[in-house]
Amino acid sequence: MKGFGILVMVSLLLMLAGPGFTKEKVPKAGLNEALFEAVGRNDAAMVRQLLKQGGSIHAQDGKGQTALLLAVDRNHLESAKLLIEAGSDVNAQDRQLDSPLLLAGARGYLEILKLTLEAKPDFLIYNRFGGTALIPACERGHVEVVKELLKTKVDINHVNRLGWTALLEAIILSDGGPSHQEIVRLLIKAGANINLPDGDGISPLQHARNKGFTPIAKMLESAGA
C-alpha cells in the first residue's frame, strides 16, 4: 500500500506540472503513439520533445494520417508549425486522399494553409473528388483562403471529377450570398474562364441565372460571359 501511495503522489505531481512535462524519455516503442497524442492535445512542448527523441514525422495512424495531417485536421497551428519545420511531408495523403494543403483549404484554416504554402506543396495532388484546394474553398465561401490560393500556381480552371471548376462550385453549391459574390469577383479578376461549362454543357452564367443569383450573373455578364 505504501508503494501504491507513492505512485499516486508522483502521478499527481506530473499532472500539476502541466502539459509537456516529462521526467524521463518516452520508450522508443511508444514514441509515435505519444507524438500523435501530443499533437491531438496541441501540446507543443511535448511535440518538440518527442521529435527530438526520434518520433517519426512519417508515421501514419489508422486513418492514414501523419501527425501533420492530424494537426491540420484539429486546426492545431503550433503543432503543425513544429512538424513542418521538422520536415513533415505537406503532400502526404490519408486514405480519404486529404493532404495538409487540401484539408486546410477545404476547412478554411487560413494560418495553417499559409504554413503549407511556405513549404512549397505540390498543386497537382488532388482530393477524392479530383479537385484542388481552391475548389472546395470557393464552394464553402472561405474568402481569405481563396485570396491566398490565387497568389499561387494552383490551376484556377482545373475541372474535378464532377465536371466543375472553382467558379462553377462557387455558384452551383453556394447560397449566392456576399462571400460567394466576393469569391466570384476574385476568380474573374484572377482570370478564371467564365464561359467554361460543366459536364452537361451548362455555363456559369446559366447556373447563376437558374439559381436567381442576380449579382453574380451581372458580374459574369460584365466580364463578357
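The values are calculated or read from the model by the stated rules, or taken from the named source; none is laboratory data. Just so you know, these numbers come straight off a predicted model, no measurement behind them. Neighbour counts are summed over all protein chains in view; Cβ atoms, including those assigned to glycine, are modelled from backbone coordinates with ideal geometry.
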Search result, residues across the range 172-186 that are in a loop (DSSP other than H, G, I, E, B) and either crowded, with 18+ Cβ neighbours inside 10 Å or in contact with a strand residue (DSSP E or B) (Cβ under 9 Å, 6 or more places away or on another chain) (or both): Ser174, Gly176
In the range 128-144, the residues that are in a helix (DSSP H, G or I) and in contact with a Ser or Thr (Cβ under 6 Å, 6 or more places away or on another chain): Val143
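In the range 187-212, what count of residues is obtained for those that are in a helix (DSSP H, G or I) and in contact (Cβ under 8 Å) with a residue 24 or more places away in the chain?
5
What do you reckon, is Ile125 outside any helix (DSSP H, G or I), surrounded by 15 or more Cβ atoms within 10 Å (Cβ to Cβ), over 11 Å from the mean Cα position of the chain (by Cα) and modelled with pLDDT of 95 or more?
yes
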In the range 145-166, residue surrounded by the most Cβ atoms within 10 Å (Cβ to Cβ) [restricted to those that are part of a helix (DSSP H, G or I) and not charged (D, E, K, R)]: Ala166
Members of the range 79-97 found to be in a loop (DSSP other than H, G, I, E, B) and crowded, with 24+ Cβ neighbours inside 10 Å, listed by number: Val90
Residue that is assigned to a helix (DSSP H, G or I), more than 20 Å from Gly141 (Cβ to Cβ) and not polar (S, T, N, Q), where the choices are Glu169, Glu221: Glu221
